[in-house]
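The values are calculated or read from the model by the stated rules, or taken from the named source; none is laboratory data. This structure is a prediction, so every number in the text was calculated from the model and none was measured. Don't worry about glycine lacking a Cβ; one is built from the backbone with ideal geometry, like all the others, and counts go over all protein chains shown. Accessible surface is based on the protein model in full, side chains and every heavy atom, while ligands, DNA and RNA are left aside. Shrake-Rupley method; radii C 1.70, N 1.55, O 1.52, S 1.80 Å.
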Amino acid sequence: MKKFVTLTSTVVPLPIENVDTDQIIPARFLKATSKEGFGDNLFRDWRYDKHNQPVASFVLNNPAYKGEILVAGKNFGSGSSREHAAWALADYGFSVVVSSFFADIFKNNAMNNFVLPVVVSEAFLSGIFESVNRDRQTTLTIDLKAQRITNNATGQSEPFAINAYKKECFLNGFDDIDYLLSKKDTIEAYERSI
Amino acid sequence: MSKTLFDKIWDAHIVTEVQDGPTQLYIDRMYCHEVTSPQAFEGLRKRGLKVFRPQQITCMPDHNIPTENQESPIEDPVSKNQVDTLDTNAREFGLQYFPVGDARNGIIHVVGPETGLSLPGMTLVCGDSHTSTHGALGAVAFGIGTSEVEMVLATQCVFQSRPKTMRITVQNQLQPGVTAKDLALYIIANMTTGGATGYFVEYAGEAVENLSMEGRLTLCNLSIEMGARGGMIAPDAVTFEYLKGRSFAPQGEEWEKAIARWKTLQSDADARFDKEIVFDASHIEPMLTYGTNPGMGMGINDSIPTLDDIDPASRISYEKSLEYMSFKPGERLIGKPVDYVFLGSCTNGRIEDFRAFAQRVKGKRKADSVVAWLVPGSWEVDRQIRAEGLDKVLEAAGFTIRQPGCSACLAMNDDKIPAGKYAVSTSNRNFEGRQGPGARTILAGPLVAAAAAVTGCIIDPRGIACVSGSTI
């Protein structure tokens, strides 16, 4: 399993609010029975027009923007619970999504695929967008151990929250199922108690 | 200590709480459909595991299935493969299974309650955000991702952080011609699309208590559209009456015991919620949406907010949304022509929705300019439609009834709204491309949909004249 400790990367800015999972991966691409290959259709209908030609104005089609960090407007990942959205982001090459606010189910799905959702303040978020506007080479550093995100263009940094259990999972590449499987006795004891 | 309804059910299902981490929550029942389960079953195989509690899992395909000629094999090979994969998984792992064409098949969130598989006091999950629907019975029900589906298959547990609690009290009564869907769209418009994120909602108050079970299912179904983890309503006489005699509901002596237990499932009088919101039902008009998230809703006679009404930070997203819909700030939608009408989905595919639609179109004709798709939420709903003679009313008005499934709600089958066309949909999401690439969705209740279907335009179903001159 992948481990996450620190990451410094340029960013892909998407200053749109309420990006729902139907935009991240439209329903017609959910018909696969494996987890691979969803990155090709990440943001499909914003990225390609109806003739399947790249939309030049969309950020993923602009070679000036690349990196492992997607920075998006508030309430990212709302709507459908499709984990395909997290698979698509991971498959495309994103390890971190930064926003001021995430939808609950998406947040769990992202973490279960080792894509780290980092919640920042509105002010810090707009600071990132401004820095990237000025300089596309702007980098962010995410230090998971210290739970701190730094905008290297301005030197501004902010702490971010993650529960200790999930932090350990990311640092060590553990997944929830391994943990739950180790708890079978407790589950059976619970079942006997009801 | 006094507890909310949510706390009572959640606390009774805690297996352990990981220190400074999530709750390990025991799940009473999981539903699986074909879209979000294949990778979970595959994960189980890779780990060499069996399903831990197969008797607590129910599978049925609903998203991909056609709404015509279900007797024949599915034509789209990719859809067919996904449905076949669920078939293989359900049989191989020995799970309860309602395949395509089975008398019990339909949309999971319609079938669960109507078969009595979903019951008060339960924890229920499905790899589907509209699992919140089942909360209407007084259950803790929420959508999960595929990794979490795998966790439940393997251990009957999920890891979840404990949500905060919110009570939404709706005082007074809804006016005639205003439905549960209108109530839900009104609440979401006020709360915004992310306004309940992090919370589990209990709906209460006179307007909620007065809803039928179908109406309550509609209301709880849409909880996710304001970001809530789930929505629930305390079980009462309406709930018990609805469940009595359903196939998988307790019977005889067990039924009496269950009722006694379910009657305790109420928030204590002095229970504290993290947030309390109050609305007045008497002000609510028939609703519709004008934008590309369900929070962008308004009364049918209102005008779309102008840019001055929008927070400057949100204007880019707002303008993008209206551009997609080809609407202008400040515009009214009354009289706008409609190309498609969709009655159905886990939101409004129940018998009460078909009754409302049929009652409104009775003795009238479907507008020639409108393509109408009427899709029952399940075969049970289809049987009720025919038993009540609604099929005759609908057919006389020029409508046909399709076969059950999720259909045009998310257009994973052939029921796609063409690019640029306007659809008045009783479904749950108006996201860009949700009903087909480029499709423009106006969410509304079954009465607004019926009025649009017979006039060909957006019109107040309470009988106000359309600008084209026709009235209903």
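Things worth noting here:
- One residue alone among B:Ala234, B:Ala189, B:Ala196 is surrounded by 18 or more Cβ atoms within 10 Å (Cβ to Cβ), in contact (Cβ under 8 Å) with a residue 40 or more places away in the chain and either at positive phi or in a loop (DSSP other than H, G, I, E, B) (or both), and that residue is B:Ala234.
- Pick from the stretch A:1-31, criterion modelled with pLDDT under 95 and open to solvent by less than 70 Å² (accessible area, probe 1.4 Å), ranking: nearest to the other protein chains (Cβ to nearest Cβ): A:Phe4
- Odd one out for A:Leu140, checked against (1) surrounded by 14 or more Cβ atoms within 10 Å (Cβ to Cβ); (2) part of a helix (DSSP H, G or I); (3) away from every other protein chain (no Cβ under 12 Å): (2)
- A:Asn109 being touching a residue at least 24 places away in the same chain (Cβ under 8 Å) and within 14 Å of chain B (Cβ to nearest Cβ): yes
- Residue count for the stretch B:401-426, restricted to those that are among the hydroxyl-bearing types (Ser, Thr, Tyr) and in contact with a Leu (Cβ under 7 Å, 6 or more places away or on another chain): 2
- Some residue of the stretch B:134-141 being under 29 Å from A:Ala110 (Cβ atoms), part of a strand (DSSP E or B), touching a helix residue (DSSP H, G or I) at 6+ places or on another chain (Cβ under 6 Å) and in contact (Cβ under 8 Å) with a residue 60 or more places away in the chain: yes
- Test: residue in the stretch B:74-90 that is of a type in the set (A, V, I, L, M), in contact (Cβ under 8 Å) with a residue 60 or more places away in the chain and more than 12 Å from chain A (Cβ to nearest Cβ): no
- Filter result (more than 14 Å from every other protein chain (Cβ to nearest Cβ) and touching a strand residue (DSSP E or B) at 6+ places or on another chain (Cβ under 6 Å)) within the stretch B:92-111: B:Leu95, B:Gln96, B:Tyr97, B:Gly106, B:Val110, B:Val111
- From the list A:Phe58, A:Phe43, A:Phe76, the lone residue that is facing chain B (nearest Cβ under 10 Å) and touching a residue at least 12 places away in the same chain (Cβ under 8 Å) is A:Phe76.
- Search result, residues across the stretch B:259-275 that are surrounded by 18 or more Cβ atoms within 10 Å (Cβ to Cβ) and part of a helix (DSSP H, G or I): B:Trp262
- Of all the listed residues (A:Asp104, A:Asp135), the sole one being among the acidic types (Asp, Glu) and either surrounded by fewer than 19 Cβ atoms within 10 Å (Cβ to Cβ) or over 28 Å from A:Arg28 (Cβ atoms) (or both) is A:Asp135.
Each row is one residue, and each column tells you yes or no for (1) modelled with pLDDT of 95 or more; (2) at the interface with chain B (Cβ under 10 Å from one of its Cβ atoms); (3) outside any loop (DSSP other than H, G, I, E, B).
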site	(1), (2), (3)
A:Tyr65	yes, no, no
A:Ser81	yes, yes, no
A:Val97	yes, no, yes
A:Ile128	yes, no, yes
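- Single condition B:Glu225 does not satisfy, out of (1) among the acidic types (Asp, Glu); (2) part of a helix (DSSP H, G or I); (3) away from chain A (no Cβ under 14 Å); (4) farther than 15 Å from B:Gly138 by Cα: (3)
- The single residue among B:Thr88, B:Thr146 that is open to solvent by 30 Å² or more (accessible area, probe 1.4 Å) and hydroxyl-bearing (Ser, Thr, Tyr) turns out to be B:Thr88.
- Considering residues of the stretch A:175-194 that are at the interface with chain B (Cβ under 9 Å from one of its Cβ atoms) and part of a loop (DSSP other than H, G, I, E, B) only, the residue farthest from B:Gly21 (Cα to Cα): A:Ile194
- Condition met for B:Gln403 (within 21 Å of B:Cys457 (Cα to Cα), among the polar types (S, T, N, Q) and at pLDDT 95 or above): no
- Selection within the stretch B:300-357 - more than 30 Å from B:Gly405 (Cβ to Cβ), in contact with a Ser or Thr (Cβ under 8 Å, 6 or more places away or on another chain) and in a loop (DSSP other than H, G, I, E, B): B:Pro329, B:Gly330, B:Glu331, B:Gly335
- B:Val158 being within 29 Å of B:Leu49 (Cα to Cα) and either touching a strand residue (DSSP E or B) at 6+ places or on another chain (Cβ under 8 Å) or open to solvent by 10 Å² or more (accessible area, probe 1.4 Å) (or both): yes
- Search result, residues across the stretch A:159-174 that are closer than 19 Å to A:Val97 by Cβ and either open to solvent by 40 Å² or more (accessible area, probe 1.4 Å) or within 12 Å of chain B (Cβ to nearest Cβ) (or both): A:Pro159, A:Ala161, A:Ile162, A:Asn163, A:Lys166, A:Lys167, A:Cys169
- Single residue of the stretch B:156-177 satisfying the filter (in a strand (DSSP E or B) and closer than 30 Å to B:Ala358 by Cα) that is farthest from the other protein chains (Cβ to nearest Cβ): B:Gln171
- With a requirement of 1 or more residues that are over 23 Å from B:His134 (Cβ atoms), the strands (runs of 3 or more DSSP E) lying completely within the stretch B:1-112 that satisfy it span B:14-17.
- For B:Arg383, the criteria (1) open to solvent by less than 50 Å² (accessible area, probe 1.4 Å); (2) part of a helix (DSSP H, G or I) hold in every case but one, which is (1).
- Yes/no for B:Lys320 being in contact with a strand residue (DSSP E or B) (Cβ under 8 Å, 6 or more places away or on another chain) and not hydrophobic (A, V, I, L, M, F, W, C): no
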